[in-house]
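Can you keep this structure in mind? I'll have questions shortly.
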Amino acid sequence: MYFYDMLPMSEKSSIMESAFEIFNRKEPFINFVHGSIRNDTGRTIWVSTNGIPTLSDDGTLIGYRGTDSDITESLELQEKLRQSQKLESVGKLAGGVAHDFNNKLSVIMGYTELVREELPDTENIVTYLNEVTRAAEFSRDITSQLLAFSRQQIISPRKLDLNSIISGNLRSLPRLIGEDIHINFKPCGTLWTIRIDPVQLEQIIMNLAVNAGDAMPNGGTLNIETANYLTKEKENLNTGYPHGEYVMLSVSDTGTGIDDEILKHIFEPFFTTKKLGKGTGLGLATVHGIVAQNGGYIEVESSTFCGTTFRILFPRCAEVLQEVESVGAELLTCNASILLVEDDETLRKMTSKMLERLGFSVTQCDSPHQAIECCKKLESSFDLILTDVVMPKMNGKEMVEQIMKFKKDLKVLYISGYSNEIISQKGLLLEDINFIQKPVSLNDLMKKITEILNI
């Protein structure tokens, strides 16, 4: 509670104006939400004023006797709720269109890749096909960003060393942000492990780096730093972070900075200060969504002409990171047989062509029931089932459960263009299973299958 007499004179006059307005309406009690003021400590707050008018001997209003209640926290919570509801609405829209959109992109990218593989390098048409692929990849990335900021992106988290991921991306960053920007990486020597999808982590690094590059058009320094971070109980009262152990990623620049008014909106989807055609306004919204989806926290500090610093806290993963032998990029010639289950005819035919191009023997099924009957045949022998997740009458997981009753050692690779939320509703937990997201490239499909079959 903040008494009127404790406020600075500049704030008193503003409150008095509101009080006179109420008094002129002949209301005996003052009750209104006032704008932002400074309290006795100098902090800017929002207050709700309650009081009784004070009159002079001639009946003139000279003030009021009452209190100003600090409602700053309440208003901030209301704003966060509105923002959350807005993101949820856009997220549902993104999740609804993602499946059909990703299916069509799969067909475009798949056939384009197959045609390019069969044409000589000297053909001019290869150049045109490359442009088609780039446009499709851009559309794919927009869908991925929409799902990421709405926390519906399908993820495959695993234990990671943050330093290794950053080091692996340092070579490509100058091409994104400009050769005139010096990149300074300060890794923590004994960094804790985190659990996150590596693709998502790369999205965070790239988006923050690109934003920093845009803020330094004449060159500058991009500082990337990692550290182990233990929140203290007293600190927790101010930050709102749960008490615990975190891995911190700090990305700062020496650029133009962000003024306070723009800073309020930087994580909003489609909000951008860039010129038309220079950005989608999804970069920082994507970062915010990914961090939240992985149980982390993000904060930003900036001021005009003094640069910007983003700090992200990822929860520490208690498990010890074990080195995993990487799978070779080249597919070996093999006689593996794959059962392909996909209800979309166009996509099924295209995926079959890709698998055959990679050297596999393919049997196509347009429904889970057909796949089950196919597997029941004594002569049927498959090394892998490649199946869509969401299909009419029976989903991919239910189909696999039926097949596993009589073919227990069969390996499975799930594929889908749906969002994480819809996949979860179908009862398919994506952790610790083999999964690949549509649209998928020929190379990614090859890598995943060779990893599963160990060939």
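With Leu321, Leu313, Leu332 as the choices, which residue is in contact with a strand residue (DSSP E or B) (Cβ under 7 Å, 6 or more places away or on another chain), of a type in the set (A, V, I, L, M, F, W, C) and either at pLDDT below 90 or farther than 19 Å from Thr226 by Cβ (or both)?
Answer to the selection: Leu321.
Collect the residues in region 399-408 that are open to solvent by 40 Å² or more (accessible area, probe 1.4 Å) and either modelled with pLDDT under 80 or not acidic (Asp, Glu) (or both), keeping them in residue-number order.
Of region 399-408, the ones open to solvent by 40 Å² or more (accessible area, probe 1.4 Å) are 401-402, 404-408.
Passing the criteria: Gln402, Met404, Lys405, Phe406, Lys407, Lys408.
Also, I was wondering about something else. What are the residues in region 343-361 that are open to solvent by 80 Å² or more (accessible area, probe 1.4 Å), more than 14 Å from Ile449 (Cβ to Cβ) and acidic (Asp, Glu), if any?
Let us first name the residues in region 343-361 that are open to solvent by 80 Å² or more (accessible area, probe 1.4 Å), namely 345, 349, 353, 356-357.
From the residues that got through so far, the ones that are more than 14 Å from Ile449 (Cβ to Cβ) too are 345, 349, 353.
Glu345, the sole residue that qualifies.
Residue-wise test of (1) assigned to a helix (DSSP H, G or I); (2) over 22 Å from Leu442 (Cβ atoms); (3) open to solvent by less than 80 Å² (accessible area, probe 1.4 Å).
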| site | (1), (2), (3) |
| --- | --- |
| Thr363 | no, no, yes |
| Ile372 | yes, yes, yes |
| Ser381 | no, yes, no |
| Thr387 | no, no, yes |
| Met391 | no, yes, yes |
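Scan region 84-105 for residues that are touching a helix residue (DSSP H, G or I) at 6+ places or on another chain (Cβ under 6 Å) and either among the hydrophobic types (A, V, I, L, M, F, W, C) or at pLDDT 65 or above (or both) and jot them down. Before you say what the answer is, go through the steps one by one.
First, pick out the residues of region 84-105 that are touching a helix residue (DSSP H, G or I) at 6+ places or on another chain (Cβ under 6 Å): 94-95, 98, 101, 103, 105.
Residues satisfying the conditions are Ala94, Ala98, Phe101, Asn103, Leu105.
Can I ask one more? Pick from region 261-308 the residues that are open to solvent by 30 Å² or more (accessible area, probe 1.4 Å) and of a type in the set (Ser, Thr, Tyr): which of them is modelled with the highest pLDDT?
Step by step, filter region 261-308, then rank; the result is Tyr297.
Quick one: count up the residues across region 410-435 that are farther than 17 Å from Phe101 by Cβ and modelled with pLDDT of 80 or more.
In the first step, residues of region 410-435 are kept if they are farther than 17 Å from Phe101 by Cβ; the result is 410-414, 424-435.
Next, only the ones that are modelled with pLDDT of 80 or more stay: 410-414, 434-435.
Result for region 410-435: 7.
The values are calculated or read from the model by the stated rules, or taken from the named source; none is laboratory data. The structure presented is a predicted model; accordingly, all values stated were derived computationally and were not measured. Ideal geometry is used to build each Cβ from the backbone, glycine not excepted, and the neighbour counts take in all protein chains shown. For the accessible areas, the whole protein counts, side chains as well, though only heavy atoms, and no ligand, DNA or RNA atoms are used. Shrake-Rupley method; radii C 1.70, N 1.55, O 1.52, S 1.80 Å.
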